[in-house]
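Participant: One structure follows; several queries about it will come next.
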Amino acid sequence: MAETTIEQVGARHETSDMHPHEALRTYYVVFAWLMGLLLLTVIASLIPFDKLVPGLNVMVALVIAIIKAALVVMFFMHVKHASKLTWAFATAAFLWLAIMLALTFNDYITRSSLPGAPAEHPPAPRNVAAVQAAPLRE
């Protein structure tokens, strides 16, 4: 009976293959896209989409965040060249995130208000000096 070495076992194993490395230019392009999406997130946060549809600012921010997460997973975590099993787990993670977000937004949309909460909240002060100068309410 021939003795099996670790190299022989690794050669037969599908995930032991060396993944092809992306060109350095690809990483710079993905980084540029991530920085562009970061700027888009900041700009989108300054636009009051909530006046059109309540909660639209959060939805826009989440869509941009999911695109950024997909870029990171695909290129920096090397899922793009991974096995089908890795793809399955990465897809399952995104599906689970979608389920959690859908359930959260379902609760947010269907709830008229929290019991015992005032209808209007006063705006929060922007700096410490305003907090110290504000009179206490009783």
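Participant: Considering Glu7, Glu22, Glu14, which residue is modelled with pLDDT under 90 and surrounded by 12 or more Cβ atoms within 10 Å (Cβ to Cβ)?
Facilitator: On inspection, the qualifying residue turns out to be Glu22.
Participant: Please count how many residues of the range 48-63 are aliphatic (A, V, I, L, M) and in a loop (DSSP other than H, G, I, E, B).
Facilitator: Residues in the range 48-63 being aliphatic (A, V, I, L, M) and in a loop (DSSP other than H, G, I, E, B): 2 in total.
Participant: Looking only at residues that are touching a helix residue (DSSP H, G or I) at 6+ places or on another chain (Cβ under 8 Å) and modelled with pLDDT of 95 or more in the range 25-43, which one is nearest to Lys80 (Cα to Cα)?
Facilitator: Val30
Participant: Only residues that are loosely packed, with under 12 Cβ neighbours inside 10 Å and small (Gly, Ala, Ser): list them for the range 30-88, please.
Facilitator: Hits for the range 30-88 are Ala32, Gly36, Ala88.
Participant: How do the pairs read when you match residues in the range 88-104 that are free of Cβ contacts under 8 Å to residues at least 40 places away in the same chain with residues anywhere that are among the β-branched types (Val, Ile, Thr) and part of a helix (DSSP H, G or I), using Cβ under 7 Å and keeping only pairs 6 or more apart or on different chains?
Facilitator: Short answer, once both residue conditions are applied: Ala90/Val73.
Participant: Please identify the pairs in which a residue from the range 27-39 that is closer than 17 Å to Ile66 by Cβ has its Cβ atom under 7 Å from the Cβ atom of a residue that is surrounded by 13 or more Cβ atoms within 10 Å (Cβ to Cβ), counting only partners at least 6 apart or on another chain.
Facilitator: Filtered contacts from the range 27-39: Val30/Leu71; Val30/Phe75; Trp33/Leu71; Leu34/Lys68; Leu34/Leu71; Leu37/Ile64; Leu37/Ile67; Leu37/Lys68.
The values are calculated or read from the model by the stated rules, or taken from the named source; none is laboratory data. Being a predicted model, the structure only gives us computed values, none of them experimental. As a convention, Cβ positions derive from the backbone with ideal geometry for all residues, glycine included, and neighbour counts pool all protein chains shown.
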